[in-house]
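Visitor: Sharing a structure below in structure tokens format, with a few things to ask.
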Amino acid sequence: MQKYSVFSLIKNALNGHKNWEVAWKDPTPKSQYDVVIIGGGGHGLATAYYLAKEHNITNVAIVEKGWIGGGNVGRNTTIIRSNYMYDVNARFNEFGMNLWRNMSQELNFNVMFSPRGIINLAHSDVQMNAFSRRGNSMRLNGIDAVLLGREEVKKIIPMADFSENVRFPIFGGLMQPSAGTARHDAVAWGYARQADSMGVDIIQHCEVTGFDVVNGKIKGIKTSRGNIKTNKVGLCVAGSTSILAEKLNMTLPIETHLIQACVSEPIKPVLDKVVTFGAGHFYCSQSDKGEMVMGGDLDGYNSYAQRGNLPTLQHVLTEGLAMFPFLSKLKMLRTWGGIMDMSMDGSPIIDKTHIEGLYLNCGWCYGGFKSTPASGWTFAHTIAQDKVHELNAELSLNRFSTGHLLDEKGIGTKTWIG
Amino acid sequence: MLLIKCPYCGDRSQNEFAYGGDATVKRPELNKEVSDQDWDNFVYLRKSPRGKHLELWHHISGCRQWFKVQRDTSTHEIFKTAEMNEDI
């Protein structure tokens, strides 16, 4: 594989950029693989990469209905954080933070990881108490957390509304200084390029139409480009999980919902943090191109549409204006939607299933992007060793029936009531 | 913007309604033996189909009645609405 560096850039510039190698091949599916990963998003690509790198399993196919990176890895708002209170979620995501810090070097692809910090704003004494508790929990798990008072927040984001007569005055906030953003497309492409170079077949425009299950064991999959034999299948399809589960006669603790995001026209640098509104669902950061990147709540009904409706967007941006009044002067550049695999307790599932050789990776709700490396790493371990890693042992499928929920926020699929 | 036909008030904008989820889920009967699986089915497990979905909506900023809606989850087209005791 061609190494990307300033020298390769100069060399190819002198040749008029005519001799770059393709970043990944376009193979036709073989008849048999050791492992097939369904879903060529961030999590699927990362899983294939770690299967090859950590477990030396390279006879792997990624089967993707559309094109790689065309789903949620290209639709999210690029936020990376590990500011969780529960031990399981905190350790899992902090493990991921360490993979993020090294990712550009490891993948030889600039993912533009920018640990600029995230501030969750608090708008009441009660919320400050809750944030103090969460911050302490984070610090016990080795994660940086700083509780900020009103004046400290004002120094960092003076453009927020600090006037006196507002409905939700800013009391302070909880900051994770090491959190940040990354260029989401580069994450998909970086993993894809490295996985491909280690022998993984990335098969795009190939829809899975069925499964071959014999005596409770997975034997292969049926696709729009022919049948593929394999004894191990990893399901990594986010919002489409329930559709494939139905083909396996499985009903899951998941509903697929729609969420929208939007960006403004680009403006000069104004915001160097990720900031979340604490009295509703709104968050905002500024991209390297200068656009204000904004998102908020689910549209609020089951949907596979990948496009939303105006009432939710209006509601979300109303909250945005309450936080940052200057946003009212900006024009909207783009809005889009993606479909989320909302689990019933708000936490993900990375587990084996009752079908031997079928592994499940789903339930990421609207926080899957930051977990891309940790999810891929633990899912690869689970598939390769046929047992869960201690990091994902409690992200189990049966935790709902046994009552071991990870209800970090306690709202599940009905996020609009939280 | 969804235009939802409340069986009592007629066509109204989406803004007036709250979503109540899958209408095919049945609570286990009272005063009977309920298995863990029954509770699981009721509380957590959802089919979440792509296509026709029978669901509950609440006309919360209107007549405050609950009713059933049959809607397509991939196109958002609403086929039919009905009162709670009616079949769709």
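Visitor: With n ≥ 4 as the cut-off for DSSP H runs, can you work out [θ] at 222 nm for chain A, using -39500 (n - 2.57) per run divided by the number of residues, rounded to the nearest 500?
Guide: Per the formula, -8500 deg cm²/dmol.
Visitor: Of all GluC sites (Glu not before Pro) in the stretch A:357-418, which ones are in loop regions per DSSP and have a Cβ with at most 15 other Cβ atoms within 10 Å?
Guide: A:GLU390
Visitor: Set the Förster distance to 30 Å, then compute FRET efficiency between A:ASN102 and A:THR335 from the Cβ-Cβ distance, nearest 0.05.
Guide: FRET efficiency, A:ASN102 to A:THR335: 0.35.
Visitor: Still on this structure, please answer the following. Net charge within 12 Å of A:ILE349 by Cβ-Cβ distance, Lys/Arg positive one each and Asp/Glu negative one each, not counting A:ILE349 itself?
Guide: Combined, the nearby Lys, Arg, Asp and Glu give -2.
Visitor: May I pose another question? For A:LYS247 and A:LYS409, what does the FRET efficiency come to when R0 = 22 Å and r is the distance between their Cβ atoms, rounded to the nearest 0.05?
Guide: 0.10
Visitor: R0 = 22 Å: FRET efficiency of A:ARG139 with A:ASN398, Cβ-based, nearest 0.05?
Guide: About 0.10, to the nearest 0.05.
Visitor: Using only the Cα atoms of the protein assembly as shown, each taken as one equal point scatterer with no solvent, compute I(q) by the Debye sum, divide by I(0), and report log10 of the ratio at q = 0.07, 0.08, 0.11 Å⁻¹.
Guide: -0.40, -0.52, -1.00
Visitor: Moving to a separate point now. Rounding to the nearest 20 debye, state how big the charge dipole of the stretch A:109-255 is about its Cα centre with +1 on each Lys and Arg Cβ and -1 on each Asp and Glu Cβ.
Guide: Dipole size: approximately 440 debye.
Visitor: From the helices alone, meaning DSSP H stretches of at least four residues, give me the mean residue ellipticity at 222 nm for chain B, per-run term -39500 (n - 2.57), in deg cm²/dmol to the nearest 500.
Guide: So the calculated ellipticity at 222 nm is -2500 deg cm²/dmol.
Visitor: Where a Cα-Cα gap under 16 Å defines reach, which aspartates and glutamates qualify for A:LYS329, not counting those fewer than 8 residues away within the same chain?
Guide: A:ASP161, A:GLU265, A:GLU291, A:GLU319
Visitor: With a cut-off of 8 Å between alpha carbons and a minimum separation of six or more residues, what is the relative contact order of chain A in percent?
Guide: So the answer I get is 21 percent.
Visitor: Right, next: What are the extents of the Cα atoms of the stretch A:41-131 along their three principal axes, in Å, largest first?
Guide: 55, 27, 23
Visitor: Continuing with the same structure: Among A:ALA279, A:GLY226, A:VAL166, whose Cα sits farthest toward the positive end of the charge dipole of chain A (+1 at Cβ of Lys/Arg, -1 at Cβ of Asp/Glu, about the Cα centre)?
Guide: A:GLY226
Visitor: Same structure, new question: Quick check on the stretch A:182-307: take the gyration tensor over C-alpha atoms, sort the square-rooted eigenvalues as a ≥ b ≥ c, and tell me if it's rounded (a/c under 1.5), prolate or oblate.
Guide: Here the stretch A:182-307 falls in the oblate category.
Visitor: Let me ask something additional. Mind sorting A:GLU255, B:GLU33 by how few other Cβ atoms lie within 10 Å of their own Cβ, fewest first?
Guide: Listing A:GLU255, B:GLU33 from fewest to most nearby Cβ atoms yields B:GLU33, A:GLU255.
Visitor: Please quote Rg/Rh for chain B to two decimal places, taking the Kirkwood radius as Rh and restricting both calculations to Cα atoms.
Guide: Result for chain B is an Rg/Rh of 1.02.
Visitor: In addition: Once Lys and Arg get +1 and Asp and Glu get -1 on their Cβ, which of B:CYS9, B:PHE67, B:ASN85 lies farthest toward the positive end of the dipole of chain B?
Guide: B:CYS9
Visitor: For the residues A:TRP364, A:TRP67, A:TRP100, what sequence is obtained by ranking on other C-beta atoms within 10 Å, fewest first?
Guide: Starting with the residue having the fewest Cβ neighbours, the order is A:TRP67, A:TRP100, A:TRP364.
Visitor: Compute, for the stretch A:4-117, the length of the dipole vector about the Cα centre, with Cβ point charges of +1 (Lys, Arg) and -1 (Asp, Glu) only. Units Debye, rounded to 20.
Guide: Computed charge dipole of the stretch A:4-117: roughly 300 debye.
Visitor: For labels at A:ALA130 and A:LYS387 in the simple 7 Å Cα→Cβ model, what's the distance in nm?
Guide: 3.9
Visitor: Mind checking which aspartates and glutamates have their C-alpha under 16 Å from A:LYS229, skipping anything on the same chain fewer than 8 residues away?
Guide: Of all the aspartates and glutamates, those that pass the test against A:LYS229 - Cα under 16 Å, at least 8 places apart if same chain - are A:ASP34, A:ASP201, A:GLU207, A:ASP212, A:GLU356.
Visitor: Next up: Using the Cα centre of the protein assembly as shown as the reference point, and only Cβ charges (+1 on K/R, -1 on D/E), how large is the resulting charge dipole? Debye, rounded to the nearest 20.
Guide: Magnitude of the dipole: close to 1080 debye.
Visitor: Pull up the cross-link candidates among the lysines for B:LYS47, meaning alpha carbon to alpha carbon under 19 Å and not fewer than 8 places away within one chain.
Guide: A:LYS247, A:LYS414, B:LYS26, B:LYS68
Visitor: Okay, moving on. Would you work out which of A:GLY338, A:PRO325, A:GLY357 lies farthest towards the positive end of the dipole of the stretch A:319-364? Charges go on Cβ: Lys and Arg +1, Asp and Glu -1.
Guide: Working it through, the farthest residue towards the positive pole turns out to be A:PRO325.
Visitor: While we're on this one: Can you give me the distance in nm between label points at A:HIS205 and A:LYS268, each placed 7 Å from the Cα along the Cα-to-Cβ direction?
Guide: Here the modelled spin labels are 4.7 nm apart.
Visitor: Which of the residue pairs A:LYS11/A:LYS289; A:LYS217/A:LYS387; A:LYS53/A:LYS387 have a Cα-Cα distance greater than 20 Å in the structure shown?
Guide: A:LYS11/A:LYS289
Visitor: Within 10 Å of each residue's Cβ, count the other Cβ atoms and sort A:LYS217, A:LYS3 from fewest upward.
Guide: A:LYS3, A:LYS217
Visitor: I want to make sure I understand the PRE zone here: with the label point 7 angstrom from the Cα of B:ILE78 toward its beta carbon, which residues in the stretch B:1-45 have backbone N atoms less than 15 Å away?
Guide: Correct set: B:1-21.
Visitor: Taking the convex hull of the alpha carbon atoms in the stretch A:288-418, what volume per residue do you get, in Å³?
Guide: 149
Visitor: Whole-Å semi-axes of the stretch A:95-252's equivalent ellipsoid, largest first, each the root of 5 times a Cα gyration tensor eigenvalue?
Guide: Each semi-axis is √(5λ); the values are 45, 21, 15 Å.
Any read-out appearing in this document is the output of simple, stated calculations on the displayed coordinates, not a laboratory observation. What you see is a predicted model; the values in this text were computed from it and never measured. A quick note on method: Cβ atoms are made from the backbone with ideal geometry, for glycine too, and the neighbour counts reach across all protein chains shown.
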